[in-house]
1. Give the number of residues within the range 66-80 that are modelled with pLDDT of 90 or more and either exposed (fewer than 14 other Cβ atoms within 10 Å of the Cβ) or in contact with a helix residue (DSSP H, G or I) (Cβ under 6 Å, 6 or more places away or on another chain) (or both).
2. How many residues are closer than 18 Å to residue 142 by Cβ and assigned to a loop (DSSP other than H, G, I, E, B) if we restrict to the range 74-91?
3. Among the candidates 141, 127, which residue alone is at positive phi and either in the same structural domain as residue 43 (by TED's automatic domain parsing) or modelled with pLDDT of 95 or more (or both)?
4. Would you point out which residue out of 86, 90 is surrounded by 16 or more Cβ atoms within 10 Å (Cβ to Cβ), under 17 Å from residue 55 (Cβ atoms) and either modelled with pLDDT of 90 or more or in the same structural domain as residue 56 (by TED's automatic domain parsing) (or both)?
5. Please count how many residues of the range 101-111 are at pLDDT below 90 and surrounded by fewer than 13 Cβ atoms within 10 Å (Cβ to Cβ).
6. What is the residue count in the range 112-130 for residues that are surrounded by 20 or more Cβ atoms within 10 Å (Cβ to Cβ) and under 14 Å from residue 68 (Cα atoms)?
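The values are calculated or read from the model by the stated rules, or taken from the named source; none is laboratory data. Here the structure is a predicted model, which is why all the values come from computation and not from measurement. Note that each Cβ is placed from the backbone with ideal geometry, even for glycine, and that neighbours are counted across all protein chains shown.
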């Protein structure tokens, strides 16, 4: 019995390492892009608090921006990662990552407390809450501060 247990442990470790390798490699390659705060895309984006305006854009492509206040990994029961921009979450537009896209994203917790721009098609969650389903890391960009006016480039 002891020999079978040892073989099982070794096989389990080998299978786990083999299946984890591709996912970890993908996550290392995937990164969130950045965008300047002076970009026209940032200027046109809705603030995350603009729920009423976002509802009017249901079914249309658009963008919103805000500071990420919570990343909710509801992977087992609702099979979604929720990126929220207010507390409570219902006071702002949300960005949601469906389970089918999990493997494409780097660590979503690195977005916490960062100002980001989210792009995609607006939908209504349960017919009342505006959100954008995010299926690619390219749809989330970290907003970088623009250089201050009057500073000379070196």
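1. 2
2. Residues that pass the stated criteria total 1.
3. Answer to the check: 127.
4. 86
5. 2
6. Residues meeting the conditions: 3.
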